[in-house]
């Protein structure tokens, strides 16, 4: 008699909302492919495990709908991948399934789980297993062994003989060869690629999607959570990445790729190899990548441009040298400015990524950051609100630097949950609005956007499609403000 094929449902909960319990517009702006789940799915399928992906961020559902789908499919395991802001929603789903189908074991994974480790199992009795670190091999071994005799499987937190017996098997060595992995299972995503959208103005043509071509980061910034990958850095070869891009183009007609690597240029030889292949065997695709200034010179930038690079982003974070040094960013603001001018001269777009509200930030340091952003010819910027994630070094002593509201649902870079000493939430919000308005209310920036919309009409379509929902959101905020004024 043939052995029964095992089945697992991999879930990404609905996730963050800009303002919890209020109208959410983030899906109109950005719905990225959960590449990590897709990688796990293709790995398991190659091991003869039937795999289904439910992406709640791309297709939000009520809890009862989630449960019905899961019960109808009758999986052996339920894999739930969460961020900090979506973790409690994942627990709620696991609890609802456990009530009606206790035989379905759940496995939690993701950056939040890797950060809290044993606490995940100790504080949430509904969770059966937690995967610390990368998921492919560890989840496969849990499923293969049916959740039994797993004490020698590295990278797992689970319960022993009683509820107080919490065991962590230790960190799994990162020996997985990324080029040996099958391509991520984009085909498991409902409605791909139409159901997914990259941030508006971050691509040149549609359909577009995101790809991860490396794992980890060799740097040690104080605010980055390295719970999953540590400080290791591994990458796919240029040949593998070119083959993946070609596959996406042939199968789904993808015209643009956003590389969602922490640092695309951390290995120069790999980048040069990919560029040479793309130049010799062009795919008629553009791409966008994140870099560090010290990795770049004119030779590499010319190769990137010729290979199809359309936009580059820099994680500047702060325009104040003391804040940069305090948080171990290891970057030079003058060098970033020099490289931005170089990129613009070569005809590529540049995006600056900033954070305000750091420990140590003051009104003066934030204004210095605003001044810096407006002095560099960025085409666009993204301004995040500092969030002390649980796996980041700065989290350990965050209370020494100000007030921290540890509401996991708000830990999403969209809320000022941390207030630096000497500032207030109201002042931070005021400075945030000032940052956005000062940067974007300039003729040069507006002119660049007009040029972009004329050259890439897909963005006009995005704006028109999102306008009704965005208008409702603005009216809801005005209603909230009026309620606050009355109270």
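Descriptive notes on the structure:
- Count of the range 68-79 residues which are touching a helix residue (DSSP H, G or I) at 6+ places or on another chain (Cβ under 9 Å) and buried (at least 18 other Cβ atoms within 10 Å of the Cβ): 5
- Unique match (being touching a helix residue (DSSP H, G or I) at 6+ places or on another chain (Cβ under 6 Å) and over 20 Å from residue 175 (Cα atoms)) among 100, 126: 126
- Residue that is nearest to residue 375 (Cα to Cα) [pool: residues in the range 422-439 that are without any contact (Cβ under 8 Å) to a residue 40 or more places away in the chain and in a helix (DSSP H, G or I)]: 437
- The set of residues in the range 309-330 being assigned to a loop (DSSP other than H, G, I, E, B) and either surrounded by fewer than 20 Cβ atoms within 10 Å (Cβ to Cβ) or not assigned by TED's automatic domain parsing to the domain that holds residue 263 (or both) consists of 328, 330.
- Filter result for the condition that a residue is more than 21 Å from the chain's Cα centre (by Cα), crowded, with 16+ Cβ neighbours inside 10 Å and at pLDDT 95 or above, over 51, 82: 51
- Taken over the range 334-348, the criterion of being surrounded by fewer than 21 Cβ atoms within 10 Å (Cβ to Cβ) and touching a helix residue (DSSP H, G or I) at 6+ places or on another chain (Cβ under 8 Å) is satisfied by 335, 337, 338, 342, 346, 347, 348.
- For the range 150-162, the condition holds for at least one residue, the condition being that it is in the same structural domain as residue 129 (by TED's automatic domain parsing), at pLDDT below 95 and touching a strand residue (DSSP E or B) at 6+ places or on another chain (Cβ under 6 Å).
- For the criterion of being touching a strand residue (DSSP E or B) at 6+ places or on another chain (Cβ under 9 Å), assigned by TED's automatic domain parsing to the domain that holds residue 314 and either closer than 23 Å to residue 333 by Cα or not in a strand (DSSP E or B) (or both), residue 389 fails.
- One residue from 299, 239, 272 being in a helix (DSSP H, G or I), without any contact (Cβ under 8 Å) to a residue 12 or more places away in the chain, on the phi < 0 side of the Ramachandran plot and assigned by TED's automatic domain parsing to the domain that holds residue 347: 299
- Remark: residue 398 matches the filter, which requires a residue to be assigned to a helix (DSSP H, G or I) and either outside the structural domain of residue 230 (by TED's automatic domain parsing) or closer than 25 Å to residue 119 by Cα (or both).
- In the range 213-222, residue modelled with the highest pLDDT [restricted to those that are surrounded by fewer than 20 Cβ atoms within 10 Å (Cβ to Cβ) and in contact with a helix residue (DSSP H, G or I) (Cβ under 8 Å, 6 or more places away or on another chain)]: 222
- Condition check for residue 169: free of Cβ contacts under 8 Å to residues at least 60 places away in the same chain, buried (at least 21 other Cβ atoms within 10 Å of the Cβ) and either in contact with a strand residue (DSSP E or B) (Cβ under 7 Å, 6 or more places away or on another chain) or assigned by TED's automatic domain parsing to the domain that holds residue 109 (or both): no
- Given (1) surrounded by fewer than 16 Cβ atoms within 10 Å (Cβ to Cβ); (2) out of contact with any helix residue (DSSP H, G or I) (no Cβ under 7 Å at 6 or more places or on another chain); (3) farther than 30 Å from residue 342 by Cα, index of the condition residue 363 fails: (2)
- Flag if residue 349 is more than 26 Å from the chain's Cα centre (by Cα) and at pLDDT 95 or above: no
- Residues that are in contact (Cβ under 8 Å) with a residue 12 or more places away in the chain and assigned to a helix (DSSP H, G or I), drawn from the range 275-294: 275, 276, 277, 278, 279, 293, 294
- Set side by side, the residues 202, 237 differ, and just one is closer than 30 Å to residue 308 by Cβ and under 18 Å from the mean Cα position of the chain (by Cα), which is 202.
The values are calculated or read from the model by the stated rules, or taken from the named source; none is laboratory data. None of the values given here were measured: they were computed from a predicted structure. Here the Cβ is made from the backbone with ideal geometry for all residues, glycine too, and neighbour counts use every protein chain on show.
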